[in-house]
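Heads up: the structure comes next, in structure tokens.
The values are calculated or read from the model by the stated rules, or taken from the named source; none is laboratory data. What you see is a predicted model, and the numbers here were worked out from it, not measured in a lab. So basically every Cβ, Gly included, is an ideal-geometry build from the backbone, and we count neighbours across all protein chains shown. Side chains are part of the model used for accessible areas, which takes the heavy atoms of the whole protein and leaves out ligands, DNA and RNA. Shrake-Rupley method; radii C 1.70, N 1.55, O 1.52, S 1.80 Å.
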Number of protein chains: 2
Amino acid sequence: MSRPQLIDQIKQKRTFLCVGLDTDIDKIPEFLKSYPDPVFEFNRRIIDATHDLCIAYKPNAAFYESRGVNGLQSLIATYKYLPKNCLSIIDAKRGDIGNTSDNYAKAFFREDISEMGFDAITVTPYMGNDSVTPYLKYDGKWVILLALTSSVGSKDFQYLETEGEFLYEKVIQKANTWAGADRLMFVVGATKSTEFTNIRKYAPDNFLLVPGVGAQGGSLQDVCKYGMTPDCGLIVNSSRSIIYAGHDENFADAARAEALKLQQQMQAELEKAEII
Amino acid sequence: MSRPQLIDQIKQKRTFLCVGLDTDIDKIPEFLKSYPDPVFEFNRRIIDATHDLCIAYKPNAAFYESRGVNGLQSLIATYKYLPKNCLSIIDAKRGDIGNTSDNYAKAFFREDISEMGFDAITVTPYMGNDSVTPYLKYDGKWVILLALTSSVGSKDFQYLETEGEFLYEKVIQKANTWAGADRLMFVVGATKSTEFTNIRKYAPDNFLLVPGVGAQGGSLQDVCKYGMTPDCGLIVNSSRSIIYAGHDENFADAARAEALKLQQQMQAELEKAEII
């Protein structure tokens, strides 16, 4: 999905919500266990209930890999079911040298060999340039690079000062020399909404993928106040607060109700910024 | 495998070689393609030909993931075939927040649910503490944290100076507060052998996993001169120069010949240091 298509989807659907499919087989409603692939069945119903309220889905690879071959099959089935008008993000946080990253790119971008052809992948920056450029060989695909995360451990290294700047600022500046805002996004943890002003100095046009709104307590209003651009420039993710909103046969309705709340707040923000 | 067991294996076998199973289906001998699982068949023969010359095997996850379900099945079969007296390392370079890392730990450590129970996993440090500690809940398992890599992009961030030190030095210092040298190793690229003296200031006892000797041109003698400890403290990896030493039906013999050369050099280094 290209940047103009993404912006168009945001305007049409009046939302910049990403639904995180961090589907844990131990947390899904009991009645789904009788299906051949309970995790896919859960995801299918979540997608059916939310696809008009969001512009992206983001399965986190770990939740599928933890179940071995069965988990990978759930992930492939989920990928295939994702609506084409939503940005499909694999949250894999990969990062390795060039020829290895070529293989991760195949794993998640080459549907002809791996059965999965996501639009975007999250990547970790520690190994530098090599970790990122192999994904950029694929026209129309996105790299979403970790910059500032909402993890407890983000303070361990991301906030180290170097040449008068924080490491995460260096990551953004350096990565923006490797690709443009039409191919590169950054992960920015929403628990630090006052940092957005700072980040926008170095990433004025990049879309930012913002986790941590909802269950982790970030404020959508703050994120928009400091992070929104004339093109919106934000994809705000919510995982647990949507997908685990209900625990019984009505879980998909409960998920829709939560997603709708966020969509309505997002619509209000888009209107306030005169984007729609 | 515990630290005393690892040291014991090094002394018994007179080697500290790790064979990297970065098995690319496009690079294996043509005649293997008629087997039901050509990649496993390749790995099986490499393992049969080298297991007395090395103390560790390290499949790189990307080379398996790139082939989807078939690739994962090759990886599982390879894991199951690894000899128990060799340290089994999954080179996955994962790194995510706590509950996600819990799932990656299941994916690679919990044989009962994922069919794989590696002894060690490589982890990327960018997200800090959360990325590392979930793996340490598993008694007897190792985290091998990226510190200084042999990638071209290592200079992008790993060499940034912060508080008078390089980022990779900070990573080593900080991580050594999370676990002891009986659970934590570091990846240190062998193309920078003069850095070993520096690294040993902060990691006097940790085992270092050293890629880049062989195909990438690092010097084994330099690595040992600056990096070896009284317990050896080194696991030196070679992938392509061993596994692709031959290209026809004798590929396993060619791999053995290359591994033997390295084992003999390593034995000489162990003798010189009076470890054996």
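Listed by position, the strands (runs of 3 or more DSSP E) inside the stretch B:159-275 whose residues that are in contact (Cβ under 8 Å) with a residue 40 or more places away in the chain and within 28 Å of B:Ala49 (Cβ to Cβ) number at least 3 are B:184-188, B:234-238. Go through the stretch A:124-158 and give me each residue that's among the aromatic types (Phe, Trp, Tyr), in a helix (DSSP H, G or I) and within 7 Å of chain B (Cβ to nearest Cβ). Passing the criteria: only A:Phe157. B:Glu195 - would you say it is open to solvent by less than 40 Å² (accessible area, probe 1.4 Å), closer than 21 Å to B:Cys18 by Cβ and of a type in the set (D, E, K, R)? For B:Glu195, the condition - open to solvent by less than 40 Å² (accessible area, probe 1.4 Å), closer than 21 Å to B:Cys18 by Cβ and of a type in the set (D, E, K, R) - is met.
Hey, could you check the stretch A:15-39 for residues that are free of Cβ contacts under 8 Å to residues at least 60 places away in the same chain and within 14 Å of chain B (Cβ to nearest Cβ) and say which is nearest to the chain's Cα centre (by Cα)? Per the stated criteria, the residue is A:Asp24.
Taking the criterion of being farther than 15 Å from A:Ser131 by Cβ and open to solvent by 50 Å² or more (accessible area, probe 1.4 Å), the residues of the stretch A:154-175 that qualify are A:Lys155, A:Tyr159, A:Glu161, A:Glu163, A:Gly164, A:Phe166, A:Gln173.
For the stretch A:162-177, a residue qualifies if it is in contact with a strand residue (DSSP E or B) (Cβ under 7 Å, 6 or more places away or on another chain) and modelled with pLDDT under 95, and exactly one does: A:Thr162. A:Tyr81 passes every criterion in (1) open to solvent by less than 10 Å² (accessible area, probe 1.4 Å); (2) away from chain B (no Cβ under 14 Å) apart from (1).
Somewhere in the stretch A:36-52, is a residue open to solvent by less than 10 Å² (accessible area, probe 1.4 Å) and more than 20 Å from A:Asn250 (Cα to Cα)? No, every residue in the stretch A:36-52 fails to be open to solvent by less than 10 Å² (accessible area, probe 1.4 Å) and more than 20 Å from A:Asn250 (Cα to Cα). Within the option set A:Ser131, A:Ser74, A:Ser151, being open to solvent by less than 10 Å² (accessible area, probe 1.4 Å), in contact (Cβ under 8 Å) with a residue 12 or more places away in the chain and closer than 18 Å to B:Lys155 by Cα holds for one residue only, A:Ser131. All conditions in (1) β-branched (Val, Ile, Thr); (2) open to solvent by 10 Å² or more (accessible area, probe 1.4 Å); (3) in a helix (DSSP H, G or I) hold for B:Ile25, with the sole exception of (3). No other residue among B:Ala175, B:Ala147, B:Ala179 is within 20 Å of B:Cys18 (Cβ to Cβ) and small (Gly, Ala, Ser) apart from B:Ala147. Residues considered: B:Arg94, B:Arg67, B:Arg110. Of these, the only one that is surrounded by fewer than 24 Cβ atoms within 10 Å (Cβ to Cβ), under 26 Å from B:Phe207 (Cβ atoms) and facing chain A (nearest Cβ under 8 Å) is B:Arg110.
Take the conditions (1) within 8 Å of another protein chain (Cβ to nearest Cβ); (2) in contact (Cβ under 8 Å) with a residue 60 or more places away in the chain; A:Ser101 misses just one of them, which is (2).
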